[in-house]
Number of protein chains: 2
Amino acid sequence: MLKEERKQIILNEVRIHNRVLLNDIAELVSVSVDTVRRDIKELHDERKLKKVHGGAISLGFYNHNAQEKEVYSIEKKSLIAKKAIQLLKNGQVVLFSGGTTNLELAKELPASLAITCFTPSIAIANQLLSKNNVEVILIGGKLSKDSQIAVGGTAINMLADIKADVCFLGTNSIDFEHGLTEFDWEIVEIKKAMIRASRKVVAPVISEKLNSYRRYKICNIEEVDVLITELDPEDKALLKFKDKNISIL
Amino acid sequence: MLKEERKQIILNEVRIHNRVLLNDIAELVSVSVDTVRRDIKELHDERKLKKVHGGAISLGFYNHNAQEKEVYSIEKKSLIAKKAIQLLKNGQVVLFSGGTTNLELAKELPASLAITCFTPSIAIANQLLSKNNVEVILIGGKLSKDSQIAVGGTAINMLADIKADVCFLGTNSIDFEHGLTEFDWEIVEIKKAMIRASRKVVAPVISEKLNSYRRYKICNIEEVDVLITELDPEDKALLKFKDKNISIL
DNA sequence: CAATTGTTTGCATATTATTGCATAATACTG
DNA sequence: CAGTATTATGCAATAATATGCAAACAATTG
């Protein structure tokens, strides 16, 4: 068994289970735990996973927590927000899903921009309210305690009456193969409806969310028109998306 | 179970419920309370939650400066809130209009109370979200910039499908002769719809709002079932309302 | 082919991290 | 202010880690 082969297996396990135990891997690939430990250390240095006491966890899993993102990735999100704002023109109708990246986007909207915004997120609605030239329309429905956005039939019905110019679609995970995915089915339903309600789908995502996936699928990667990350558009991690005719910012 | 994994679970619980008890977590993840305590201490040091006596609470997810600054007659509002809460029973469906008095009411709802709440106010929805046993349903629609509640046809249509047990109807002014009145026609429309959507109308108002009136009328004084003020129910300012068969609290 | 060099691997060892328990101190409750 | 619950602290058992070392292995060179 080649070392690289082993490392791929480890990464795969991490991707599937979001965590691995050192001992399990050692048994799985029939090497000593020391070797696995060294492999994980290398993968950690390569930023492919996070080494923790007793094993490793996926970066996506580690980062999925809202507070941490809030605190630690502000600069990245701000960069993404700035790129995203360039897509907007006066008079447009814009749909915002939830998430802290979209929240940052809402925060940074220039005061001069006159647009109409729909959102099921109370946090984003709250931010948008402070923009004088922005008309804010709240998408109603049962509030998910978890993600703090309106979900369910009412929200989906309301979206059915909308055709927005742009939808800023936050997502938990994005993967070339598995598309956009989420933890929570309620959220998936509402995001599917948001895609249907928009002419153009823009996915602002932190690069850490790339190459990870969750249980439930929102859509295929092809349904995204524009992908915005904090990385340089020419970054090698983004190249394959260009093949699918997705704009990269 | 990896330590990091456990920490993620704790964070997740905090995110969902806004607070966790040490003992609950210990049971949930099957470790001693000491271990959970240490985990929470670490998460606290990492600024991912706030450690409190007996457990942890989430960091305020967004700083609602606007509402926090409204400290006008907070004691009076708190007193009104306490009286209003006594009207509520588990299992009821409750409608909240906007306003700082209703916000105070939402804040002070006891954690044990299990009710379903509808509201067009993002500030109140936000408060209600932190109550474990409260289901929150947001009434969607265009957000009024000054009152920060959803107004217009969408909101009114949504209300048409509801029959709540109680409606806490905030109002700008209340007058024996002119009834409940407002500055803003949009708000009047939505409040009219709220009255139609409820079996019982409760008006929590500070005494300062008594005996004043505005341009637009929500309803006659007779349509109010219960009037709650910070005054003693026997106060002479309230006597005349009793004649109209309105309960005074 | 033998010698050399560098890498990988497993093992032994010392070090460090994690956990639960005991106990004393402190905070909350009525 | 007493009674209870929660917390901080030290300690010991266990598990995981880092480190050095030697054997195994591969690639390169004379």
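The table for this structure:
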item	result
Distance histogram in 5 Å bins (all Cα pairs of chain B, percent per bin)	1, 6, 13, 16, 16, 14, 10, 8, 6, 5, 3, 2, 0, 0
Sequence of B:ARG19, A:ARG214 from largest to smallest accessible area, 1.4 Å probe	B:ARG19, A:ARG214
Copies compared at B:ASN12 - label distances in nm, ascending, label defined 7 Å from Cα in the Cβ direction	2.5
Sequence-distant lysines (8 or more away, or on other chains) whose Cα lies within less than 21 Å of B:LYS236	B:LYS76, B:LYS77, B:LYS83, B:LYS209, B:LYS244
Inter-part distance where the range B:186-228 and the range A:116-140 are each reduced to a Cα centre, Å	27 Å
At 7 Å out from Cα toward Cβ: B:PHE176 inter-copy label distances (nm, ascending)	7.9
Of A:LYS107/A:LYS240; A:LYS107/A:LYS142; A:LYS82/A:LYS107; A:LYS145/B:LYS163, pairs whose Cα-Cα distance is over 20 Å	A:LYS107/A:LYS240; A:LYS107/A:LYS142; A:LYS145/B:LYS163
Size of the B/A contact, given as accessible area buried on both chains, probe 1.4 Å, in Å²	3500 Å²
At least 50 Å² accessible surface lost relative to isolated chain, residues of the range B:98-122 (1.4 Å probe)	B:ILE122
Heavy-atom accessible surface of the range B:3-57: percent carbon and sulfur, 1.4 Å	48 percent
Largest-first ordering by accessible area, 1.4 Å probe, given options B:THR119, B:THR100	B:THR100, B:THR119
Two-site FRET efficiency, B:ALA111 against A:LEU2, from Cβ-Cβ distance with R₀ of 51 Å, rounded to 0.05	0.35
Surface share of carbon and sulfur [accessible, 1.4 angstrom probe, percent] for the range B:109-207	48 percent
Hull shadow area, averaged, the protein assembly as shown [alpha-carbon convex hull, nm²]	24.9 nm²
Isotropically averaged projected area of the range A:71-210, using the convex hull of Cα atoms (one quarter of hull area), nm²	7.9 nm²
Solvent-accessible ranking of A:HIS17, B:HIS178, largest area first, probe 1.4 Å	A:HIS17, B:HIS178
Drop in accessible area of at least 10 Å² in the complex versus isolated chain, residues of the range A:37-57, 1.4 Å probe	A:VAL52, A:HIS53, A:ILE57
The protein assembly as shown, dipole about Cα centre (Lys/Arg Cβ +1, Asp/Glu Cβ -1), debye to the nearest 20	120 debye
Kirkwood Rh, angstrom, the range A:3-57 [1 / mean 1/r, Cα pairs]	10.5 Å
Where chain B is the region considered: accessible area per residue in Å², 1.4 Å probe	45 Å²
Rounded to the nearest 10 Å², the accessible area of B:PHE176 at probe 1.4 Å	70 Å²
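The values are calculated or read from the model by the stated rules, or taken from the named source; none is laboratory data. What you see is a predicted model, and the numbers here were worked out from it, not measured in a lab. Note that each Cβ is placed from the backbone with ideal geometry, even for glycine, and that neighbours are counted across all protein chains shown. Just the protein is used for accessible areas: all its heavy atoms, side chains included, with ligands, DNA and RNA removed. Shrake-Rupley method; radii C 1.70, N 1.55, O 1.52, S 1.80 Å.
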